[in-house]
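The values are calculated or read from the model by the stated rules, or taken from the named source; none is laboratory data. Every value quoted in this text rests on a predicted model; they were computed, and no experiment measured them. As a convention, Cβ positions derive from the backbone with ideal geometry for all residues, glycine included, and neighbour counts pool all protein chains shown. All accessible areas refer to the heavy atoms of the entire protein, side chains included, with ligands and DNA or RNA removed. Shrake-Rupley method; radii C 1.70, N 1.55, O 1.52, S 1.80 Å.
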Amino acid sequence: MYAKTSHHGLHFFAHAPGAPHCALAEETVHHHLLKLELATAARAAGARAELEVRGPAGTWRADVLATDPTGDWQIALEAQLSPITRQDVLTRTELMNDDGVSAIWFTDRKRPPWLGRVPSARVSLDDEHGLLVTDALAKFTTSSWQSGPKTSAATFLMWIFTGQVVAHHRQAAVTAPLREWHTVWTAPRYVQNEAAHLSEAQRRLSERREAGQQLRAERLRAAQEHARQRFATDRSDDHQAAIDALMRRQAAMEKPVYDFIRRATGAAPYIDEDPAPEFAMGLPVYIGQRPYGVVCPVASRIPAARTQLAPLVIFVASGREKDRIAAQTPPDQRIIVLGNPESGDDS
């Protein structure tokens, strides 16, 4: 080997032409220089740094192993410039973690598939400032993550070594250019800010759900009373029993229908409180102002409302109810059973 000096002033050794085989000879100069820059930055940040350190069982090898002078921690600094799969990076990271060694992956490539999926950073070489971390740091403001500042690699590593920034698997939204980053580097206070924001958002969501449940219960009671009044002209015992059974099914179906539509569309539906003649005495379901479906319509009333019901989803409580309604609807009518498909019903 012979000594050389990079255009950034770093001293390193290069293999002489025809030298014996060596693993380091397979690296590009670019890769080797990045390792030297990382080692220099780690030392400037107060750590001991060694190149090409193998793990205890030989299952991994760190490009640069940064060690706390007191021996409290070890962090592998990986210079990754060649293509590698996300799974390979995850596997190598897990192998190091199993031996008590954290890992940080560095690259100057634009969009490797693993960037932001493991503790990582995008870097660039600056003629004036040396190795810079350009993408990695993030801060939480109000309701989302935003990019943090660029900084020197030495400062970035010093913040990590001293716990001033930590790797955090974000949960809240993030703005460009960190949109695809699941793991960001941030100050602990921003992790706490995100947790407080998510807790408050969950509280508001729970309040809205509780208010919605109360509103649906009130609408159910009103619908039951309204239905009794609508069907008051026929008070035969059998007919009243059928009305009561229908109202019970409609009441029991409100929450399953609401949850199904929320999962399927992402929107919160509105379930009308009144059985409507134009919906065959079923409960109309809306998303926004647009009819989406109908809950438990009366089969005998479907022929008069077939055109209105054709584009909608009909929700029923049992297989028998589905069969009875399907006999009155077009063949392509969408009918979804949200109760027990084998159960019967009272009408």
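Computed quantities for the displayed model
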{"read-out": "Set of lysines with alpha-carbon distance to Lys35 below 19 Å, sequence-local pairs under 8 removed", "value": "Lys4, Lys110"}
{"read-out": "Candidates Arg301, Arg122, Arg109, ranked by Gaussian network fluctuation over the chain, Cα under 10 Å, top entry", "value": "Arg301"}
{"read-out": "Antiparallel bridge percentage (DSSP; both residues within the chain; nearest 5)", "value": "65"}
{"read-out": "Whole-percent carbon and sulfur share, accessible surface of the chain, 1.4 Å", "value": "50"}
{"read-out": "Within region 29-117: Cβ-based charge dipole about Cα centre, in debye rounded to nearest 20 (Lys, Arg +1; Asp, Glu -1)", "value": "380"}
{"read-out": "Rounded to 5, percent antiparallel among DSSP beta bridges of region 53-164", "value": "65"}
{"read-out": "Cα-centred dipole magnitude for the chain, charges only on beta-carbon of K, R (+1) and D, E (-1), debye, nearest 20", "value": "600"}
{"read-out": "Span-rule helices in the chain, defined as complete DSSP H runs reaching 15 Å or more along the axis (Cα) with Kyte mean at least -0.5", "value": "29-44"}
{"read-out": "Farthest positive-ward along the chain dipole, Cα basis, beta-carbon charges - from Thr70, Gly282, Leu198", "value": "Gly282"}
{"read-out": "Cα→Cβ-extended label distance, 7 Å offset, between Glu180 and Asp127, nm", "value": "3.0"}
{"read-out": "Gain on full stretching of the segment that runs from Ala167 to Arg320 - 0.36 nm per residue minus C-alpha separation", "value": "49.6 nm"}
{"read-out": "Extension gain from Arg204 to Ala252, taking 0.36 nm per residue of separation minus the Cα-Cα distance", "value": "14.7 nm"}
{"read-out": "Max mean-square fluctuation residue, GNM over the chain, Cα-Cα springs under 10 Å, options His169, His31, His226", "value": "His226"}
{"read-out": "Cβ-based net charge around Phe140, under 9 Å, with every Lys or Arg adding one and every Asp or Glu removing one", "value": "+2"}
{"read-out": "Accessible solvent surface per residue of the chain, calculated while the other protein chains remain in place, 1.4 angstrom probe, Å²", "value": "53"}
{"read-out": "Distance (nanometres) between label positions extended 7 Å along Cα→Cβ at Thr59 and Ala222", "value": "6.3"}
{"read-out": "Overall form of region 36-87 per C-alpha gyration tensor (a/c, 1.5; a/b vs b/c)", "value": "oblate"}
{"read-out": "Mean ellipticity per residue at 222 nm, deg cm²/dmol - from DSSP H runs of n ≥ 4 across the chain, formula -39500 (n - 2.57)", "value": "-12500 deg cm²/dmol"}
